[in-house]
Structures are given as C-alpha cells and as structure tokens.
Amino acid sequence: MEWTGLFFYLVSILIAGGIYALLCLALNIQWGMGGLFNAGIAGFFAIGAYTSAILTTGESSKHLGGFGLPVFAGLLGAALLAGLMGWAVAKICVRLKSDYLAMASIGIAEILRLVIVNESWVTNGSLGLAGIPRPFGEYLAGRSADLVFLAYVWTIVLIVYFVAMRLYDSPWGRSLRAIRDNEASAAAAGKNIEKFRVQTFVIGCAVMGVAGGLSAHYFRFLSPSATDPLLVTFLVWVMLMAGGSGNNRGAIVGALGIWSLWSMTEIFTNRLPLEWITRSSYIRMLLVGLLLQVVLQKFRSGVLPEKSPPLRFRK
Amino acid sequence: MIDFINFYLVPALAIGSVYALGAVGISMIFGILRFAHFAHGDLMTLGTYGVLAAAAIFPVNPLLLVPFGMVLAIVSALLVDKVFYRPLRKLPTIYTVISSFGVALIFRSLVQLLWGSQNQVFGSGGVRPPLVLFDTFRVSVLHVQAVVATSVIALFLHFFLSRTKTGRSMRAVSDDPELAQVAGLDTEKVVRWTWIIGAALAAVAGSFAAMDTSAHPNLGWNLLMPMFAAAILGGIGKPMGAMAGGYIIGLAEELSSYHWIGDHALISPSYKTAVAFVIMIVLLIVKPQGLFKGRLL
C-alpha cells in the first residue's frame with residue numbers, strides 16, 4: 001500500500017512535470033533560441049486551457065460549451081488560439097526593445113485574467129469549468145487513467161522535443177540564433193528579423209496553449225486560480241534558467257528538477273503547524289525569487305548549457 | 001454635471017496622482033538604467049506597509065508617517081540594486097529585467113510573510129466626511145491631498161532636475177550615457193539618486209492608493225500596468241512627461257466608465273485596467289516614443 005501510494009505520487013509529479021516541460025520547451029524556443037522575453041506565459045497557458053476545456057466539455061447552462069469534441073481537437077484549438085494571440089502580441093512588439101514585449105505580454109496575461117473572471121457566460125467566472133474530459137476517458141477510470149494520461153502528456157513532450165531539436169539544428173534555427181546573438185549582422189546577411197521573431201513567438205505560444213489545455217484535462221476542472229502567474233510564469237522562468245536556456249534537454253531537466261523540489265518542499269511544509277502552512281507558501285515564493293537571482297548571477301548557462309550543433313559539410 | 005465632477009473627475013485626478021508618482025520612477029529608471037523595472041509596483045507595496053507599520057505605533061495622521069515608508073522603500077531599492085542588479089549591469093539589460101521579476105516576487109512574499117495577506121486599512125477605518133465646497137462639490141479630503149502633494153512634488157522635482165548639479169547629470173546620463181561618462185559624470189551617483197527618487201515617490205504613491213482603498217500585498221502589482229502605460233505615454237526618460245502620462249491614464253480609466261452615451265457605463269468598471277493597456281498597445285503601434293518626444297530604446 002505504501003509503495004503504490006508512493007508510485008502514484010511519482011506519477012502525479014511526472015504528469016505535472018511533463019506539462020511544465022512543455023512550457024519550458026516553449027519558452028526555450030522563444031527565449032533560448034530567439035531571445036524574446038515572454039512575461040505572460042500564464043496568459044497563453046490560460047487561453048489554451050480555456051479553449052481546450054470549452055471545446056471538449058458537454059452542454060452546460062453555466063458557460064459556453066456543448067461542442068463535445070475529442071481532447072485532441074481541443075488541444076489543437078488551444079494551440080491555434082494561443083498562437084493567434086501570440087502573433088498579435090509579437091506583431092506589435094518585436095520591432096521594439098525586448099522590455100516592451102515583456103510589458104505587452106504581461107499586460108495580455110492580466111487582461112485575460114479580468115476577462116476570465118468577468119465574462120462568466122464563457123468561462124463561468126470564478127466558479128470555474130467542471131467535468132472536463134480526459135483523453136480516452138470513456139474507457140478508463142481511477143488510477144489506470146492517470147497512467148494513460150502520463151503517457152499521453154509525455155508523448156506530446158517527446159514530439160515537441162523532437163520538433164524543437166529539429167528547429168534548433170535547421171537553417172531556420174541557425175538564422176534565429178544569429179539574430180539573437182547579433183541582430184545587425186543577421187540583418188546585413190539579409191535575414192528578415194521581424195518575420196523570424198514573429199514566427200518564433202507564435203510557435204512558442206502555441207505550445208504554451210497546448211500545455212494549458214493538458215493541465216485543464218488533467219485536473220478535469222478549471223478556474224481562474226489555475227492560471228496564477230506565480231505558478232505558471234515565474235516558475236517556468238526559473239526552470240528554464242536553471243536547466244539551461246538554449247538547450248532543449250536542459251529545459252526538460254530544469255522543469256523536472258525544479259518541479260520535484262517544489263513538490264517535495266510541499267510534503268515537508270505540510271507537516272508544520274497550521275499557522276505556518278500559509279506562511280510556508282510565502283517562504284517558498286521568497287526562495288524561488290532568490291533562486292532566480294542566484295541562477296542569474298552564478299549559473300547563467302544552467303545545468304546543461306547551450307551547445308551549438310557541430311558544423312557539417314556536404315561531401 | 002456635478003455628479004461627473006464629484007464621482008468621476010476628482011477620483012480620476014487622485015488615481016492619476018498615484019500613477020504619476022509611480023510612473024516618474026519607472027520612466028527615470030528606464031531612461032537611466034535602461035531597463036523596465038517590473039518590481040516597481042511591489043516597491044510601492046513595501047513602502048506602503050512601512051507607513052502601515054509606523055501607523056501601528058504612532059497614532060497620528062498616517063500622512064505624517066509617509067516618510068517612514070519612503071525610507072523603507074529607498075533602503076530596499078538601494079540594497080536590491082547593490083545585491084541583485086549591479087552584478088548584471090554589464091550583461092544585456094534583459095537579464096536585469098528578469099532579475100526585477102524575481103525581486104518583485106521577493107518583495108511581495110516578504111510583505112506577506114511580515115504582515116500577512118489580508119486587507120488592511122489605515123487609521124480607524126471610518127469614513128471621513130467629504131469636503132463640501134459651494135454646497136455642491138463633495139470631494140474626499142484625501143483626493144485633494146493627493147493632488148496637492150503630487151503638484152508640490154512635481155515642482156520640487158522640476159527644480160531638482162533643472163537647477164541642481166545632480167539633477168542635471170541625471171538628465172545627461174539619460175540622454176547619452178557614453179557622453180556623460182566621457183564628460184566625467186559620476187554615473188554611480190546618478191544611479192543612486194535615480195533609485196532614491198524613484199523609491200521615495202513610489203512609497204508616496206502606494207500610500208495614497210492604500211489610504212484611498214486598503215493596503216494588500218498585490219496593491220502595487222495591480223498598479224504596474226497603468227504606470228508603465230503612463231511612462232510610455234509621457235516618453236521614456238521624461239519625468240514630467242511621466243507625470244502628465246499618469247494623469248492622462250488616470251482620467252482615461254475613470255472617465256471610461258462614465259455614462260457618456262445613454263444610461264450605462266461606457267466601459268464596465270471591471271475593465272478599467274484594460275483601458276490603460278489598450279492605450280499602451282496603441283502607443284506602441286503608433287508612437288512608441290510617447291507624447292513628449294521621449295527616447296525610444
């Protein structure tokens with residue numbers, strides 16, 4: 001009994017870790033490869049979560065819905081809508097200094113939170129959406145469903161990982177890194193900087209949307225508190241920075257590592273006396289903030305630093 | 001008409017003062033240190049709680065205790081700059097932006113840890129009687145105080161920036177940092193003064209915002225977006241522009257929920273924050289250097 005409990009605890013960490021790995025891979029495409037600063041990960045995550053949830057849930061009098069589409073279609077919709085929003089943000093901001101992109105993306109995230117709480121005909125406001133299906137949910141129940149979902153999440157992580165690896169090594173990725181490292185010389189070489197940046201941002205946002213969708217299907221319930229910027233935006237940045245920005249494997253390692261640390265400290269703090277439990281969440285937040293500073297100053301390249309692919313010459 | 005002045009125009013000027021004071025700091029930091037300071041809102045919160053802590057000890061008008069908050073904010077800003085921002089100064093500024101996100105988190109969690117996360121009100125919490133002028137205008141005393149204080153601060157700031165040596169070097173560094181350094185200006189001193197002024201004004205702004213409603217750990221974070229909009233509107237590196245920007249954003253937000261057409265609010269009050277954001281987006285598309293010829297970084 002003890003062992004099965006532990007096993008399924010591990011499964012839950014791996015599922016959430018997989019969703020974070022997706023967010024990290026997406027941020028790595030934007031920041032690690034493209035040098036674009038996205039401070040509104042929570043916003044794109046939220047749009048993905050709500051899109052996928054609304055597309056797949058059944059009829060309800062409380063919110064928009066009744067499409068009852070399969071989960072895969074929901075995730076596709078999530079990617080599309082999140083990508084579209086990313087396109088709009090990027091189109092406006094990429095020509096300006098990266099600080100402006102940060103402001104606009106964080107602004108979008110905050111506005112979306114307002115929309116989600118206020119437009120209850122779509123989202124059921126702060127009461128949230130319930131009864132969101134899981135993939136293959138009609139055949140499975142209980143704990144075996146968790147295992148299937150684990151496989152589902154990690155299949156998507158692997159697909160995104162291979163796509164990201166391919167992108168990194170492609171001519172497209174090389175141009176992107178050239179732009180990141182030296183904008184002027186890339187422009188002189190005839191690269192359309194704005195176009196590359198917009199594409200990068202859109203791809204990243206679409207993946208963030210998928211991650212949002214997956215989290216909605218995992219918890220089967222979605223409320224505005226699920227898109228807390230602390231848990232989504234900040235934590236993902238710390239994960240990528242610690243794991244190694246520019247390195248896709250580093251992104252996954254960072255996501256799993258930091259998420260395990262975050263969850264393990266929860267076990268520890270839950271044993272504290274009651275008045276300290278609420279405080280402990282602030283202490284954890286404080287530590288995440290400090291960890292980010294340490295990583296920024298001492299381990300900027302992360303656990304797995306970026307390694308440019310070797311040059312290959314055609315014979 | 002009278003309702004318009006009592007319930008929309010005067011509160012708009014009051015919230016505009018808060019934005020103006022906050023935006024000055026953001027604009028100066030962006031102009032001189034070249035990065036968007038995302039911890040500015042939480043610096044405001046910290047300053048506000050400094051005033052709140054002093055108010056718990058001294059039973060006087062909380063306005064007299066604002067200097068305590070200013071000192072707390074200044075000390076924290078200088079400390080954060082020394083420990084967290086300065087080691088990153090040689091890198092691309094985007095690293096400092098990321099660091100400031102972490103600092104925002106640190107400030108907020110410290111406030112929650114030390115003072116808890118519940119809403120707190122200044123003084124006895126009772127409603128103070130409004131000021132009645134000419135039997136028709138009823139305005140809150142606090143709103144008048146906020147507008148007057150901001151005007152006085154603007155005057156002093158203008159004097160400081162145009163007449164004193166430090167103020168002039170600040171403007172010089174903002175306009176052209178390399179040239180300023182070559183001319184032998186003490187850049188570190190300029191940076192120090194930027195933080196001192198920015199943090200002090202942030203504490204004042206936060207205190208007014210908290211006295212108007214209540215103090216809570218997300219107070220400053222929620223004000224960040226309109227303050228950025230105000231700073232961009234006024235032109236980065238233009239403190240007086242940021243002041244004007246603050247009032248424009250404040251007016252736009254409050255007046256957007258006035259029933260201009262028909263009986264309903266033009267825009268639902270719950271979307272007030274979105275107004276500032278839309279203004280910012282339009283600016284970024286049309287005129288990213290702002291209204292007063294600020295610099296485009």
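Readers should treat all values here as calculations from the given coordinates under stated rules, not as data from a laboratory. Because the structure is predicted, anything quoted here is derived from the model rather than measured. Cβ atoms come from the backbone with ideal geometry, glycine included; neighbour counts cover every protein chain shown.
Using only side-chain charges placed at the Cβ, +1 for Lys and Arg and -1 for Asp and Glu, the dipole size of chain B relative to its Cα centre rounds to 880 debye.
About its Cα centre, how strong a charge dipole does the protein assembly as shown have in debye, to the nearest 20, once Lys and Arg get +1 and Asp and Glu get -1 at the Cβ? Could you put the intermediate results ahead of the total?
Numbers: 44 positive and 28 negative charges, 415 e Å.
Using only the charged Cβ atoms, the result is roughly 2000 debye.
Think of the stretch A:13-226 as having a plus end and a minus end, set by charges on the Cβ of Lys, Arg, Asp and Glu; of A:G213, A:A187, A:T57, A:A187 sits farthest toward the positive end of this dipole. Rounded to whole Å, the principal axis extents of the Cα atoms in the stretch A:72-112 read 37, 20, 11, largest first. Restricting attention to the stretch A:13-226, lysine pairs at least eight places apart or on different chains and with alpha-carbon atoms under 19 angstrom apart total 4. Counting Cα-Cα pairs of the stretch A:1-44 in 10 Å increments starting at 0 gives whole-percent bin shares of 26, 35, 21, 15, 4. Over the stretch A:145-218, the Kirkwood radius and the radius of gyration, each from Cα atoms, give a ratio Rg/Rh of 1.14.
Taking only the Cα atoms of the protein assembly as shown, how large is their convex hull per residue, in Å³? Walk me through the numbers before you get to the answer.
Values: hull volume 112.2 nm³, N = 612.
Cα-based convex hull of the protein assembly as shown, divided per residue, equals 183 Å³.
Computed over the alpha-carbon pairs of the stretch A:117-186, the distance histogram in 5 Å steps reads 4, 13, 11, 10, 9, 11, 12, 10, 13, 6, 2, 0 percent, short to long. Ordering A:T278, A:P135, A:S225 by Cα displacement along the dipole of chain A toward the positive end leaves A:P135 in first place; charges were set at the Cβ atoms of Lys, Arg (+1) and Asp, Glu (-1). Each 5 Å bin from 0 upward holds the following percent of the Cα-Cα pairs of the stretch A:13-226: 1, 8, 15, 19, 18, 15, 11, 7, 4, 2, 1, 0.
Exposed loop sites are taken as GluC sites (Glu not before Pro) in a DSSP loop (any state but H, G, I, E or B) with at most 10 other beta carbon atoms within 10 Å; the longest stretch of chain A without one runs A:139-315. Taking other Cβ atoms within 10 Å as a rough exposure proxy, B:K165, A:K97, A:K307 sort from fewest to most as B:K165, A:K307, A:K97. Using C-alpha positions alone, give me the convex hull volume of chain B per residue in cubic angstrom. Considering the Cα atoms of chain B, their hull volume per residue is 139 Å³. Within the stretch A:140-170, whose backbone N sits under 18 Å from a point 7 Å along Cα→Cβ of A:S12? The answer is A:141-151, A:153.
Might you report the magnitude of the Cβ-based charge dipole of the stretch A:184-295 about its Cα centre, with Lys and Arg at +1 and Asp and Glu at -1, to the nearest 20 debye?
Details: 8 positive and 4 negative charges, 46 e Å.
Dipole magnitude for the stretch A:184-295 comes out near 220 debye.
The count of lysine pairs in chain B that are at least 8 places apart or cross chains, and whose C-alpha atoms lie under 22 Å apart, stands at 8. For the stretch A:13-226, the residue among A:L150, A:V115, A:G18 whose Cα projects farthest onto the positive side of the dipole built from Cβ charges is A:G18. Please determine, in degrees from 0 to 90 and to the nearest 10, the orientation of helix A:248-269 with respect to the longest principal axis defined by the Cα atoms of chain A, where the helix direction is its Cα long axis. With rounding to tens, the tilt is 30 degrees. Taking A:V160, A:V148, A:V210 in turn, the Gaussian network model of chain A (Cα-Cα springs below 10 Å) assigns the largest fluctuation to A:V148. When the helices of chain B are scored as -39500 (n - 2.57) per DSSP H run of n ≥ 4 and the total is divided over every residue, the value at 222 nm lands at -22000 deg cm²/dmol. Per-residue 3J(HN,Hα) values for the stretch B:148-164, derived from phi via the Karplus relation 6.51 cos²θ - 1.76 cosθ + 1.60 with θ = phi - 60°, read 5, 4, 5, 5, 4, 4, 4, 4, 4, 5, 4, 4, 4, 6, 9, 10, 8 Hz in sequence order (x marks Gly and Pro). Partner shielding of B:191-198 amounts to 0, given as the average count of beta-carbon atoms from other chains within 10 Å of each residue beta-carbon.
Taking θ as phi - 60° and the Karplus parameters 6.51, -1.76 and 1.60, the scalar couplings of the stretch B:86-100 work out to 4, x, 9, 5, 7, 7, x, 4, 4, 5, 5, 4, 4, 4, 5 Hz in sequence order, x denoting glycine and proline. Other protein chain C-beta atoms within 10 Å of residue C-beta, averaged over A:35-46: 1.
Rg(Cα) of the stretch A:156-315 divided by 2.2 N^0.38 Å? Don't jump to the answer; show the numbers that get you there.
On the way: Rg = 19.0 Å, N = 160, 2.2 N^0.38 = 15.1 Å.
Against the empirical 2.2 N^0.38 Å value, I get 1.25 for the stretch A:156-315.
Against the main long axis of the alpha-carbon atoms of chain B, helix B:187-212 sits at an angle near 10°. The 3J(HN,Hα) values that the Karplus relation (6.51, -1.76, 1.60; θ = phi - 60°) gives for the stretch B:219-231 are, in residue order, 3, x, 4, 5, 8, 4, 4, x, 5, 4, 4, 5, 5 Hz. Gly and Pro appear as x. In this structure, the amide hydrogen of B:I267, modeled 1.01 Å from its nitrogen in the peptide plane, lies closer than 5 angstrom to those of B:S257, B:Y258, counting only residues at least 5 positions away or on a different chain.
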